Each structure stands twice: as C-alpha cells, then as structure tokens.
Amino acid sequence: MDLEVFAHHFTNSFPHLVGKQVLVALSGGADSVALLYLLRDPDLGLSLEAAHVHHGVRGAEADGDAAFCEDLCTGMTIPFHLLRI
C-alpha cells in the first residue's frame, strides 16, 4: 500500500486519532512492524509509543523478539515499553 493511500484511509477511518498519542502493540512480526512504520507518516501527526509483551514462554526466541522490538524503537526514536508476564 502506498503511504499516501494509507494516510488517506487512516484519516477517513480514524479521524479522532489524527494528531493524538497512539500506543502500538509491537510483537516483532511483519504486521506490527509494518503498522509502526505506516503510523510514522508525518501527515498523521501521531505521537507514537510501542509496547511489547514478553510472556516468558518461548525462551531465547522470545528474548530475541523483545530485543528486536526495543532496537527497532530505539532506532526510530519511539518510546518503547516492555512488559514481562
């Protein structure tokens, strides 16, 4: 999807969110990472933060997902929240 098309659909579908603070649930998978990138569009004016929940079930693989998400957010200067349960 083209970024301009996404921004248009987002503003039409969620006009109450434009310019607001949005918390993105970030698993580290392709869908949530793509969503984070799309929501960074300056035309949306969103103040983004990301949250990752580490369930402690998948061992080192889950640790890697959490580290990936944190590194991604650090590189994008998006505040990152990690919850371990």
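Give the stretch 24-40 a look and list any residue that's touching a residue at least 24 places away in the same chain (Cβ under 8 Å) and of a type in the set (D, E, K, R), or say none.
Passing the criteria: only Arg40.
Let's see how each residue does on (1) outside any helix (DSSP H, G or I); (2) open to solvent by 60 Å² or more (accessible area, probe 1.4 Å); (3) in contact (Cβ under 8 Å) with a residue 60 or more places away in the chain:
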site: Phe6; (1), (2), (3): no, no, no
site: His9; (1), (2), (3): no, yes, no
site: His16; (1), (2), (3): no, yes, no
site: Val22; (1), (2), (3): yes, no, no
site: Arg58; (1), (2), (3): yes, yes, no
site: Asp63; (1), (2), (3): no, yes, no
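Answer with yes or no whether Ser27 is in a loop (DSSP other than H, G, I, E, B), polar (S, T, N, Q) and at negative phi.
It is true that Ser27 is in a loop (DSSP other than H, G, I, E, B), polar (S, T, N, Q) and at negative phi.
Which one is least open to solvent (accessible area, probe 1.4 Å), of the residues in the stretch 30-56 that are closer than 18 Å to Arg84 by Cα and part of a loop (DSSP other than H, G, I, E, B)?
Ranking the candidates gives Gly56 first.
The values are calculated or read from the model by the stated rules, or taken from the named source; none is laboratory data. Model, not experiment: these values are computed from the prediction. We place every Cβ from the backbone using ideal geometry, glycine too, and count neighbours over all the protein chains shown. Remember, those area values only see protein heavy atoms, side chains included, never the ligands or the DNA or RNA. Shrake-Rupley method; radii C 1.70, N 1.55, O 1.52, S 1.80 Å.
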